[in-house]
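Student: If you scroll down you'll find the structure; I have some questions about it.
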Amino acid sequence: MAIESCLLNWGIKRVFTITVDNASSNVVAISYLKKKINAWGFSILNCKYLHMRCIAHIINLVVVDGMKDGLTPIKKVRDAVRYIRQSPARLQRFKACCEMEGIQSKSSLCLDVSTRWNSTYLMLSSALKFENAFDRYATVDPYFKIDLQSCEGDGVPDSLEWEYIGKFVEFLGHFYELTLRISGSRCVTSNIFFDEISSIDCLLQEWKSSNDLELSCMGEKMKLKFDKYWGDPDKMNKIIYIAVVVDPRYKLEFMHFALSTMYGKEKRIFQSENANEHIGNVSESIEEGTKKKPRMRLGHQFMQHKIEIGEAKIKSDLDSYLNEDILILDEKEDFDILKWWKMNANM
């Protein structure tokens, strides 16, 4: 009801999707909103695809599952960082250790919030740069090891644990960068989501088959959670696929390629013979809402019949778009899909 009130106050009745996390109360809220938005007369396909699961939230669940084990090295680093940050004198002594080890870095030690994996990633990635400084600090501060081993502490990280931290930082780095890309408040458009999701799947499959047992174990646990939400293309909101098709860099060709890569065979969301019809239905619904279509004129019905029996051919704007070559850009070149469609809408 709060969302409904906001939409009414803002004068918004054309609602494409509503993105929420996986709380059960949100399922009830979306069900309520479907009825209301349908009653307003501006729904897309009767709000069939109104519910969009938050990709950032699912990524968070995937990463948290991968972090359930192997927490001891992380706790050791956290305790070490906390100890050094507790007083200016310790920080100054640690800085001297960095200079003696020839460590030059603009970053500094930061302490994480243990319930937020992204802050843990930032803590570990910064601490990793100072591995040798931590080792030297243990020789100049006799209370360092004693304090970390007391009060149920786990001690100072050893070389093997630092090696593990290095793998973990590389592991989390992919998801940290991904979260930044999909969590912008102004520049994120839905055409990038399927590309990101399929890339994650490939990455997790690679980690699962790794010879590194720790990496393989983390990859397997994360893949299980990933598959709960995206393990089958039918589990995804179909609007994500439509957004890919209207991206001139991807179209249907990328969809076929990505689905083949993810699922081992070309499992299509819409068969090739009715792909244009499915996309066209969504596109038409966006423009027309739920208004009743007028009965086709006789001449239109006749032409439609000629097309169906193959005696007349007509190429729609959608067919023309899909048959054009995809747009090739340099990987580092920014692409604004909304700007592209604004410039090419009348072509």
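The values are calculated or read from the model by the stated rules, or taken from the named source; none is laboratory data. What you see is a predicted model; the values in this text were computed from it and never measured. So basically every Cβ, Gly included, is an ideal-geometry build from the backbone, and we count neighbours across all protein chains shown. These accessible areas exclude ligands, DNA and RNA; they are computed on the full protein's heavy atoms, side chains included. Shrake-Rupley method; radii C 1.70, N 1.55, O 1.52, S 1.80 Å.
Student: If r is the Cβ-Cβ distance from residue 158 to residue 205 and R0 is 25 Å, what FRET efficiency results, to the nearest 0.05?
Tutor: On the way: r = 32 Å, r/R0 = 1.27.
According to the calculation, E is roughly 0.20.
Student: Can you give me the % of accessible surface on the range 78-119 that is carbon or sulfur? Probe 1.4 Å, all protein chains present, nothing else counted. Numbers along the way, then the final one.
Tutor: Working: 1300 of 2760 Å².
About 47 percent, which is the carbon plus sulfur part of the accessible surface.
Student: May I ask which of 223/332; 106/221; 34/251; 68/208; 13/48 have a Cα-Cα span longer than 25 Å here? Display every interim value, and only then the final one.
Tutor: Working: 223/332 28 Å; 106/221 35 Å; 34/251 29 Å; 68/208 16 Å; 13/48 16 Å.
Cα-Cα > 25 Å for 223/332; 106/221; 34/251; rest within.
Student: Using 7 Å Cα-to-Cβ label points, what is the residue 38/residue 320 separation (nm, one decimal)?
Tutor: 3.6 nm
Student: May I ask you to order 120-126, 324-330, 54-60 by the average number of other C-beta atoms within 10 Å around their residues, highest value first?
Tutor: Numbers: 120-126: 20.6, 324-330: 10.1, 54-60: 18.6.
Ranked by mean Cβ neighbours within 10 Å, highest first: 120-126, 54-60, 324-330.
Student: Turning to a different aspect of this structure: Go through the range 117-131 residue by residue and turn each phi into a ³J(HN,Hα) via Karplus (6.51, -1.76, 1.60, θ = phi - 60°); whole Hz please, and just put x for glycine and proline.
Tutor: Each residue's phi maps through the Karplus curve to give 5, 5, 6, 5, 4, 5, 5, 5, 5, 6, 5, 4, 5, 10, 3 Hz.
Student: Give me the extension gain from residue 342 to residue 139: residue separation times 0.36 nm, minus the current Cα-Cα distance, reported in nm with one decimal. Provide the component values of the computation, followed by the final result.
Tutor: Numbers: separation 203, 0.36 × 203 = 73.08 nm, distance 6.38 nm.
Length gained between residue 342 and residue 139: 66.7 nm.
Student: Apply the Debye scattering formula to the range 64-177, with a single equal point scatterer on each alpha-carbon and no solvent, then give log10 I(q)/I(0) at q = 0.14 Å⁻¹.
Tutor: Debye curve over Cα of the range 64-177, log10 I(q)/I(0) at q = 0.14 Å⁻¹: -0.54.
Student: So, R0 is 35 Å and r is the distance between the beta-carbons of residue 93 and residue 182; what FRET efficiency does that work out to, to 0.05? Please list the in-between numbers first.
Tutor: Details: r = 41 Å, r/R0 = 1.17.
After rounding, the FRET efficiency stands at 0.30.
Student: A further question follows. Suppose the chain between residue 212 and residue 234 were pulled fully straight at 0.36 nm per residue; how much longer would it get relative to their current alpha carbon spacing? Don't skip to the end; give the middle numbers.
Tutor: Values: separation 22, 0.36 × 22 = 7.92 nm, distance 3.23 nm.
Here the segment from residue 212 to residue 234 would lengthen by 4.7 nm.
Student: Which distance in nm do the two modelled labels at residue 25 and residue 1 give, with both placed 7 Å along the Cα-to-Cβ direction?
Tutor: 1.3 nm
Student: Based on the mean of other beta carbon atoms within 10 Å per residue, what is the order of 234-243, 93-102, most packed first?
Tutor: Details: 234-243: 17.9, 93-102: 15.5.
Highest-to-lowest ranking by the protection proxy: 234-243, 93-102.
Student: Please list 331-340, 191-200 highest first by mean number of surrounding beta-carbon atoms within 10 Å per residue.
Tutor: Numbers: 331-340: 10.0, 191-200: 19.4.
Highest to lowest by the protection proxy: 191-200, 331-340.
Student: Quick check: residue separation of residue 195 and residue 72 times 0.36 nm, minus the Cα distance between them. What number comes out in nm?
Tutor: Values: separation 123, 0.36 × 123 = 44.28 nm, distance 3.44 nm.
Length difference between fully extended and current span is 40.8 nm.
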